[in-house]
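Asker: Got a structure here, written out as structure tokens. Questions coming.
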Amino acid sequence: MSRLEGFLCSNGSGDKQRLLSLVAEDIEWIVPGEDWPLAGTHRGHAGLADVLQKASEELEMTYPEPPEFVAQGDRVLVVGVATGKIKATIGRSRTTGSSPSPPETAR
């Protein structure tokens with residue numbers, strides 16, 4: 001799981017190429033919720049790059065608790081909580097969710 005942990009720790013660095021190098025090309029990143037900018041299923045490097053860009057432009061996020069990693073075989077589920085503000089409205093939001101990783105990410 002060190003690659004996945006490295007990805008999550010590097011997420012705020014702004015180094016998009018480094019982040020993408022740590023995940024499989026067929027990544028599926030699921031952000032639960034409705035009516036907020038990041039909600040949905042984001043597939044592949046392009047989908048992940050888009051959601052990370054949108055997050056940096058539209059949200060101010062903090063992660064008050066470290067995520068939980070649940071591994072099964074060559075897949076990892078990441079469960080965590082994020083709180084933040086949507087910059088355009090300065091409204092508050094809170095989401096609890098999980099993001100499954102594709103097999104190559106879990107290694």
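Asker: If you take the residues in segment 28-73 that are more than 16 Å from residue 86 (Cβ to Cβ) and among the hydroxyl-bearing types (Ser, Thr, Tyr), which one is surrounded by the fewest Cβ atoms within 10 Å (Cβ to Cβ)?
Answerer: Filtering segment 28-73 for residues that are more than 16 Å from residue 86 (Cβ to Cβ) and among the hydroxyl-bearing types (Ser, Thr, Tyr), the one surrounded by the fewest Cβ atoms within 10 Å (Cβ to Cβ) comes out as 41.
Asker: Restricting to segment 1-41, and then to whatever is small (Gly, Ala, Ser) and assigned to a helix (DSSP H, G or I), can you tell me which residue is modelled with the lowest pLDDT?
Answerer: 12
Asker: Within the group 105, 89, 96, which residue is assigned to a helix (DSSP H, G or I) and modelled with pLDDT under 80?
Answerer: Values: 89 fails: assigned to a helix (DSSP H, G or I); 96 fails: assigned to a helix (DSSP H, G or I).
Residue meeting the stated conditions: 105.
The values are calculated or read from the model by the stated rules, or taken from the named source; none is laboratory data. Since this is a predicted model, take the numbers as computed values, not measurements. For neighbour counting, all protein chains shown are included, and Cβ atoms are generated from backbone atoms with ideal geometry for every residue, glycine included.
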